[in-house]
Amino acid sequence: MKIIQVTDTHMVPPGTELFGLRPRERLEACFADINARHRDAACCVVTGDLADRGDPEAYGELRAPWRRCGFPGTS
């Protein structure tokens, strides 16, 4: 059984970078790859720090990429 694990997304508020990186763009690329190459997975498990500092706006940045994840229960 194939299980996808996405961990430590460390999302930040819109317009913010984390160590020169844009976590939302990276998460979108991650899900694009999962959808393109791993549609046969049984599930996707999320672990670790979702938001870097716990900002409500950072958690909001998870919504759009997550909806495109393609696994049941992510819409």
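Here, the chain has an Rg and a Dmax of 12.3, 38 Å when only alpha carbons are counted.
Positive-end ranking of Q5, F71, A51 along the dipole of the chain, with charges on Cβ about the Cα centre, is headed by F71. Around the Cα centre of segment 1-62, unit charges on the Cβ atoms of Lys, Arg, Asp and Glu (plus for the first two, minus for the last two) sum to a dipole of about 300 debye.
Using θ = phi - 60° in the Karplus curve 6.51 cos²θ - 1.76 cosθ + 1.60, the 3J(HN,Hα) couplings for segment 24-40 round to 5, 4, 5, 5, 4, 5, 4, 5, 4, 5, 4, 5, 7, 10, 9, 5, 7 Hz; x is entered for Gly and Pro.
Only the coordinates and a few stated rules stand behind these numbers; no lab work does. This one's a predicted model, so the numbers in the text were calculated from it and none came from an experiment. Glycine also receives a Cβ, built like all others from the backbone with ideal geometry; neighbour counts cover every protein chain displayed.
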